[in-house]
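What follows is a set of notes on a single structure, which appears directly below.
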Amino acid sequence: MPDAGRRLPVIRPGAPARHCLHVVRPGALTTVQDAGRPGLAHLGVGRAGALDAPAARLANRLVGNPPDAAVLETTLTGCAVRPDRPVVAVVGGAGCRVTVDGRPVAWGAPVRVPAGAVLDAGPAGTGLRSYLAFAGGLVPDPVLGSRSADLLSGLGPAPLTEGVELPLGEAVSGGPLPAVGPVPWPGAPVELVLPVHPGPRDDWFTGAALRTLLTAAYRVSPHSNRIGLRTEGPALERSGTEELPSEGTVLGAIQVPPDGRPVVFLNDRPTTGGYPVIGVVPERALAAAAQAVPGTRLRFVRA
């Protein structure tokens, strides 16, 4: 899988008058994400955007934002931020302990964070990625129509580091916290089941390889990231040794590198690849993959 370790520009407030979030604890990997950059693959630009898009949209809805407003996406260890103005926030997605200045507050529901208080989303207790939405959204400068960080291409704002300031948008309305009932946050999968449409290069594999893909037990590899979900399990055997010229790839493509273990491409995927794609997972099934912790049982089934 291509290297995702390159540095990106640091986020700064766009103007002195803007309110902002100060990053107190960045966590293992926290990025700004919105709905991404769909429709630009022909230019070599991937989608990026929140991996668990339903969770990001729900968090935005609960604070009164448009569904595509920019949020924070954490990975496993959460993060902590301090706003310089009062703000309503929601922490959802992966279940975690949420505090404001050390005081426990609700997870998955709107909470009021005073100016100067620290909102801390703790390590994920269930799932992998939490989403922090703030009334008014996050408003770093957009790149190609999106504020999302793309770790592969380097587009968008950098992953959070301590001391960075993130500009906050203005909330649409003030007043009391919105009244919400039970919220249907999906849980993390105990077993991840991914439907597969075979092709376009399933004929580059033996018949036994396709049967293995659709019947064998795999697990989510700890080497997975925003580019792709790597797997641990039986290798898939190629039917020949020829090389495939690079060709376009899509979200959810199951690419098979030389070690034979399938990789499911996620939002920060490359737009082209030279390893054969044995099948494609529909986009609707990928949100669960975003919350599958390493070691989660994984089965591929025919769509």
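What number goes with the only condition from (1) touching a Leu at 6+ places or on another chain (Cβ under 6 Å); (2) closer than 16 Å to V139 by Cα that P67 does not pass?
All conditions are met except number (1).
With the structure loaded, tell me whether A89 is of a type in the set (G, A, S) and not in a strand (DSSP E or B) or whether it fails that test.
Here the answer is no, as A89 does not meet what is asked.
Just the residues that are under 23 Å from A55 (Cα atoms), open to solvent by 10 Å² or more (accessible area, probe 1.4 Å) and part of a loop (DSSP other than H, G, I, E, B), please, taken from the range 267-295.
N267, R269, P282, Q291, V293, P294, G295
Suppose we filter A109, A94, A55 for residues that are among the aliphatic types (A, V, I, L, M), over 30 Å from E247 (Cα atoms) and in a loop (DSSP other than H, G, I, E, B); which single one remains?
From the options A109, A94, A55, the qualifying one is A109.
Going by what's in this entry, would R219 be described as over 28 Å from V45 (Cα atoms), modelled with pLDDT of 95 or more, touching an Asp or Glu at 6+ places or on another chain (Cβ under 6 Å) and surrounded by 15 or more Cβ atoms within 10 Å (Cβ to Cβ)?
So R219 passes the test.
Any chance the range 75-84 includes a residue that's under 12 Å from the mean Cα position of the chain (by Cα), surrounded by 18 or more Cβ atoms within 10 Å (Cβ to Cβ) and assigned to a loop (DSSP other than H, G, I, E, B)? It would help to see each step written out before you state the result.
Going through the range 75-84, the residues under 12 Å from the mean Cα position of the chain (by Cα) turn out to be 75-76.
Next cut, surrounded by 18 or more Cβ atoms within 10 Å (Cβ to Cβ) only: 75.
Remaining after also requiring assigned to a loop (DSSP other than H, G, I, E, B): 75.
Scanning the range 75-84, I find at least one residue that is under 12 Å from the mean Cα position of the chain (by Cα), surrounded by 18 or more Cβ atoms within 10 Å (Cβ to Cβ) and assigned to a loop (DSSP other than H, G, I, E, B), so the answer is yes.
Determine, yes or no, whether L166 is open to solvent by less than 20 Å² (accessible area, probe 1.4 Å), at pLDDT 95 or above, of a type outside the set (F, W, Y) and in contact with a helix residue (DSSP H, G or I) (Cβ under 9 Å, 6 or more places away or on another chain).
Criteria not met by L166.
What pairs can you find where one residue is in the range 34-60 and free of Cβ contacts under 8 Å to residues at least 60 places away in the same chain, the other is open to solvent by 10 Å² or more (accessible area, probe 1.4 Å), and their Cβ atoms are less than 7 Å apart, with a gap of 6+ or different chains?
P38/R47; R57/P67
How about the range 217-235: which of its residues are farther than 21 Å from R269 by Cα and without any contact (Cβ under 8 Å) to a residue 60 or more places away in the chain?
P234, A235
Please find, among D101, D68, the residue that is without any contact (Cβ under 8 Å) to a residue 60 or more places away in the chain, over 16 Å from G27 (Cβ atoms) and over 14 Å from the mean Cα position of the chain (by Cα).
D101
I'm trying to understand the selection: among the residues of the range 22-40, which are under 30 Å from D101 (Cα atoms) and either modelled with pLDDT under 95 or among the aliphatic types (A, V, I, L, M) (or both)?
V23, V24, A28, L29, V32
The values are calculated or read from the model by the stated rules, or taken from the named source; none is laboratory data. Treat the numbers as computed from the prediction; the structure is a model and nothing was measured. All Cβ positions, even for glycine, are placed from backbone atoms using ideal geometry, and neighbour counts span all protein chains on display. Surface accessibility is based on the protein's heavy atoms, side chains included, excluding ligands, DNA and RNA. Shrake-Rupley method; radii C 1.70, N 1.55, O 1.52, S 1.80 Å.
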